[in-house]
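To start, the structure itself, in structure tokens.
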Amino acid sequence: LGVVDAKLAALAAKQAALLRFKAGLMQKLFSQQLRFTRDDGGAFPSWEQKRLGELGKFTGGGTPDTNNDSYWHGHIPWISSSDILENDLRSPKVTRFINDKALKASATKTVPANSILIVSRVGVGKLAVSCHEVCTSQDFTSFTPNGANAFFLGYWMLSNTNALLRLSQGTSIKGLTSDDLKQLRVPLPHLDEQAKIADALSAIDAKIQAVADQIPNLQTFKKGLLQQMFV
């Protein structure tokens with residue numbers, strides 16, 4: 001049991017270290033302290049400053065009538081803010097689906113693949129990149145980039161969560177509007193450099209997840225071991 005506990009502690013420490021490394025790397029990459037080079041070793045051009053509204057389009061969301069069970073049997077993934085994890089850009093785990101009838105009868109809209117699902121009401125600061133076409137609740141203002149890397153923009157937003165929180169408005173329920181988000185100034189590198197940054201951070205996220213996946217498995221093993229020992 002001591003060996004198992006030591007392994008669990010080591011995994012938790014490794015996960016925490018990777019998270020700190022990721023946070024530090026994002027800070028250096030987005031402040032341009034650390035730059036990637038082209039595949040031939042040449043330098044990428046200087047970054048531009050763009051407003052988010054210049055880089056794509058926004059899509060709102062809505063919730064079909066939850067009392068109408070016929071709406072909730074279909075093939076269209078529908079996402080709520082509870083399906084998005086903090087500091088995790090991976091596509092959310094889809095648990096609910098709606099049909100075309102629900103889509104037409106409600107305010108929800110189809111969000112294209114490779115869009116950033118931005119939680120703009122309850123849970124401001126959470127976001128994910130959806131690799132598939134989805135619909136969302138009214139707690140989202142989703143953004144579909146045109147000519148920019150969705151994961152690069154998503155990681156930049158994660159690294160600037162405080163800026164998103166400062167933009168939030170309201171008294172009882174804080175939130176963001178598409179007009180707020182359109183005004184965000186985004187430092188934008190060459191598209192190839194965007195891809196290199198996104199790939200590097202995605203690789204770290206994969207390592208973090210690989211460590212995280214080991215923890216519940218080991219906890220289950222420990223529980224089984226205890227049951228066998230004290231039967």
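The values are calculated or read from the model by the stated rules, or taken from the named source; none is laboratory data. Predicted model, so just to flag it, every value in this text is computed and none were measured. Cβ atoms come from the backbone with ideal geometry, glycine included; neighbour counts cover every protein chain shown. Side chains included, ligands, DNA and RNA excluded: accessible areas come from the protein's heavy atoms. Shrake-Rupley method; radii C 1.70, N 1.55, O 1.52, S 1.80 Å.
A compact table of results
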read-out: Accessible-area composition of the chain, carbon plus sulfur, in percent [1.4 Å probe]; value: 53 percent
read-out: Antiparallel %, DSSP beta bridges [both residues in the chain], to 5; value: 90 percent
read-out: Listed candidates [x] 0.98; [y] 0.95; [z] 1.04 - label of the one calculated as Rg/Rh (Cα atoms, Kirkwood Rh); value: [z]
read-out: Positive-end residue of P112, N67, P189, charge dipole of the chain with Cβ unit charges; value: P189
read-out: Length released on extending from N87 to D65, taking residue separation times 0.36 nm less the Cα-Cα span; value: 4.9 nm
read-out: Test item: Cα-centred dipole of the stretch 171-231, Lys/Arg +1 and Asp/Glu -1 on Cβ, debye; value: 340 debye
read-out: Two-site label geometry, H190 and S168: point separation in nm, points 7 Å out along Cα→Cβ; value: 3.8 nm
read-out: D39 paired with A13, simple spin-label distance in nm, labels 7 Å along Cα-to-beta-carbon; value: 4.1 nm
read-out: Euclidean distance of C-alpha centroids, the stretch 4-42 and the stretch 53-132, integer Å; value: 30 Å
read-out: Computed [θ] at 222 nm, deg cm²/dmol, the chain (DSSP H ≥ 4; -39,500 (n - 2.57); rounded to nearest 500); value: -14000 deg cm²/dmol
read-out: Efficiency of FRET between V4 and A113 - r from beta-carbon atoms, R0 30 angstrom, step 0.05; value: 0.10
read-out: F36 long-range amide H proximity, modeled H, under 5 Å; value: none
read-out: Amide proton proximity set for R96, modelled H, under 5 Å, gap of 5+; value: W78
read-out: Violating pairs (Cα-Cα greater than 23 angstrom) within the set K14/K222; K22/K57; K93/K182; value: K22/K57; K93/K182
read-out: For the chain: accessible area per residue (Å², 1.4 Å); value: 54 Å²
read-out: Qualifying GluC sites (Glu not before Pro) in the stretch 25-110, DSSP loop, other Cβ atoms within 10 Å at most 13; value: E86
read-out: Of the DSSP H helices in the chain, those whose Cα atoms cover at least 20 Å axially and whose Kyte score averages -0.5 or more; value: 2-30, 191-229
read-out: Rough spin-label spacing in nm, given labels placed 7 Å along Cα→Cβ, for N146 and H75; value: 2.8 nm
read-out: Residue with peak Gaussian network fluctuation, the chain [Cα springs, cutoff 10 Å], from L191, L181, L153; value: L191
read-out: Gaussian network model of the chain, Cα within-10 Å springs - most flexible of A17, A128, A148; value: A17
